[in-house]
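Remarks on the structure that follows.
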Amino acid sequence: MTLESLATAVGLAYSYVGGIERGQKNPTLDVVERIAKVLDVDPLNLLGKIS
């Protein structure tokens with residue numbers, strides 16, 4: 001899935017989703033849940049530490 005298709009599916013701006021990916025934006029819990037639903041993952045997996 002591309003960043004653009006994820007942003008469209010979640011209903012967010014491409015630039016905002018890109019900012020989240022780069023660590024420049026802090027998503028709300030609602031946004032984390034929406035992204036997790038589209039990706040079919042547990043929202044906690046998106047909030048875990050990056051090794």
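A few points about this structure:
- Linear extension gain, residue 13 paired with residue 40, 0.36 nm per residue minus alpha-carbon span: 7.7 nm
- Value of Rg/Rh across the stretch 3-47 [Cα atoms, Kirkwood radius]: 0.92
- The modelled label-to-label distance for the pair residue 47/residue 22, using points 7 Å beyond Cα in the direction of Cβ, is 2.5 nm.
Laboratory data are not the source of any read-out in this text; all were calculated from the coordinates shown. Treat the numbers as computed from the prediction; the structure is a model and nothing was measured. Virtual Cβ from ideal backbone geometry, glycine too; neighbours counted across all protein chains shown.
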